[in-house]
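Let me begin by presenting the structure, written as structure tokens, before commenting on it.
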Amino acid sequence: MGAVITGWGKCRPPLSLTNADLESLVDTDDEWILERTGISARGICHLETTDMAEVAARHALAAAGLAATDLDLIVMATVSPEISCPSNACVLQERLGAVNAGAFDLNAACSGFVYGLSTATSLVSSGVAQRVLLVGVEKLHFLIDYRDRNTCVLFGDGAGAVIIENDPRSGGDAPGVLGVDLGADGVAGSTMVIPTLGTRGELSADRDPAQHRLHFEGQAVFKIAVKGMSESVQRALQRAGLTSDDVDVVVPHQANERIIRAATRRLGVDDDRVVVNIETHGNTSAASVPMALCDAVTDGRISPGDVVVFTAFGGGVTWGSVVLRWGDRVTPITTSDVELPAPTVDVYEVLAENRAFFQPLYD
Ligand SMILES: CC(C)(COP(=O)(O)OP(=O)(O)OC[C@H]1O[C@@H](n2cnc3c(N)ncnc32)[C@H](O)[C@@H]1OP(=O)(O)O)[C@@H](O)C(=O)NCCC(=O)NCCS
């Protein structure tokens, strides 16, 4: 039995932090950011993680023609959960009224959606679940220091969601997962770290700004990313009995356009087969792959039966790739007009608390 994607949706928050906005916050400029990263603007969410997840999920459910009560499992990939217990997936289950669904969170940092896709398709193929909602969602701005130009230009908030259902066909050109590669290297874990949000350390009412913020080693991560994604895709393709010539579309993690181009050119996949939406979204960690997928389907870049490759790398260090033959449908069964409530504040007001919190590090 195969597992296919039958619904897709995303939530790109309405507030944008543009490169011009960043010029007024840190010592940077539009040219540097665009040239080094490919990013012009990123979404900043004025609400909570679950609000974005709900919007993306309702679009995905509509595209699949399903009600929330049809779901039997919700998997949520995130490194920025609202709380640790209940899981974000349970909070979303309640919000959607998905009363028949089990729910759990999964953390593989920016690789979270690809790990989740492997997990969810396996559960569907084995008959454990019939209809799974898989969401990648991040409110990263909570973890970023908007006084540090080295990190704050890269990241954005957002959510993407897919519905995965079983397909009775097997063998030959049947749709479903063709090959998977998942990997990790804990030894290199210190290259990308969010030190707090866990039990390590002392009990303290005060958060330490130096410990709270996301930290990465830019050039080390760059190299890990290019090597990690390209070699992971090669292994997944090999397991599928395919080569890069067989690939119709690559949907990579959107960390930096230069990383994406370097990794996919190394694979021998030309740029027009690669989905890139980082310019308007930034790096949204676990949300980036499903948001890029949603754009690709909506823009008509995926056709029935296409071989689609999902690949990502992230903190851990983790990496993963899924090679999937798309099903029959690339148009939504129904559509939803749900969106986040309009903000009553501007992007500077959303970031004001953040900038005040990190100020002591710069005094
Ligand atoms: C971060 C990244 C964009 C930096 O690009 P780069 O080409 O490697 O740039 P470098 O690290 O060589 O930095 C060059 C200079 O630009 C400066 N710089 C950094 N951020 C800047 C900014 N926003 N604006 C202007 N200059 C900046 C640095 O301070 C450095 O100056 P120096 O040479 O005087 O020390 C790139 O390394 C990258 O994308 N890495 C992956 C990061 C990632 O994906 N993280 C996500 C996982 S958590």
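The values are calculated or read from the model by the stated rules, or taken from the named source; none is laboratory data. Predicted model, so just to flag it, every value in this text is computed and none were measured. A quick note on method: Cβ atoms are made from the backbone with ideal geometry, for glycine too, and the neighbour counts reach across all protein chains shown.
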For Asp181, indicate whether it is within 12 Å of the ligand (Cβ to nearest atom), in contact (Cβ under 8 Å) with a residue 12 or more places away in the chain and either in contact with a helix residue (DSSP H, G or I) (Cβ under 9 Å, 6 or more places away or on another chain) or at positive phi (or both). no
Hey, can you tell me all the residues within segment 213-256 that are within 16 Å of the ligand (Cβ to nearest atom) and in a strand (DSSP E or B)? His215, Phe216, Pro252
Taking segment 185-212 and the residues there that are under 25 Å from Pro252 (Cα atoms) and in a loop (DSSP other than H, G, I, E, B), the one that is nearest to the ligand (Cβ to nearest atom) would be Ile194
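Yes/no per residue for (1) part of a strand (DSSP E or B); (2) at pLDDT 95 or above; (3) surrounded by fewer than 24 Cβ atoms within 10 Å (Cβ to Cβ):
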{"position": "Ala262", "(1), (2), (3)": "no, yes, yes"}
{"position": "Val276", "(1), (2), (3)": "no, yes, yes"}
{"position": "Thr280", "(1), (2), (3)": "no, yes, yes"}
{"position": "Cys294", "(1), (2), (3)": "no, yes, no"}
{"position": "Trp319", "(1), (2), (3)": "yes, yes, no"}
{"position": "Val322", "(1), (2), (3)": "yes, yes, no"}
{"position": "Arg329", "(1), (2), (3)": "no, yes, yes"}
{"position": "Leu340", "(1), (2), (3)": "no, yes, yes"}
{"position": "Val350", "(1), (2), (3)": "no, yes, yes"}
Taking the condition of being among the aliphatic types (A, V, I, L, M), within 16 Å of the ligand (Cβ to nearest atom) and more than 19 Å from Leu242 (Cα to Cα), how many residues in segment 257-278 meet it? 5
Counting residues that are closer than 29 Å to Gln211 by Cα, aliphatic (A, V, I, L, M) and within 17 Å of the chain's Cα centre (by Cα), which helices (runs of 4 or more DSSP H) fully inside segment 81-184 reach at least 1? 88-96, 112-125
Confirm whether Gly172 is away from the ligand (no atom under 15 Å from the Cβ) and free of Cβ contacts under 8 Å to residues at least 60 places away in the same chain. yes
Taking only segment 116-148 into account, find how many residues are over 23 Å from Arg58 (Cα atoms) and in contact with a strand residue (DSSP E or B) (Cβ under 6 Å, 6 or more places away or on another chain). 2
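So that you can scan it fast, the table gives a plain yes or no per residue for (1) over 23 Å from Trp8 (Cβ atoms); (2) in contact (Cβ under 8 Å) with a residue 40 or more places away in the chain:
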site	(1), (2)
Ser230	yes, no
Val249	no, yes
Asp272	no, no
Ile278	no, yes
Ala287	no, yes
Gly300	no, no
Helices (runs of 4 or more DSSP H) (entirely within segment 3-75) containing at least 2 residues that are of a type in the set (S, T, N, Q), surrounded by 24 or more Cβ atoms within 10 Å (Cβ to Cβ) and within 16 Å of the ligand (Cβ to nearest atom): none
Matching entry among Arg36, Arg42 (being modelled with pLDDT of 95 or more, basic (Lys, Arg) and in contact with a Leu (Cβ under 7 Å, 6 or more places away or on another chain)): Arg42
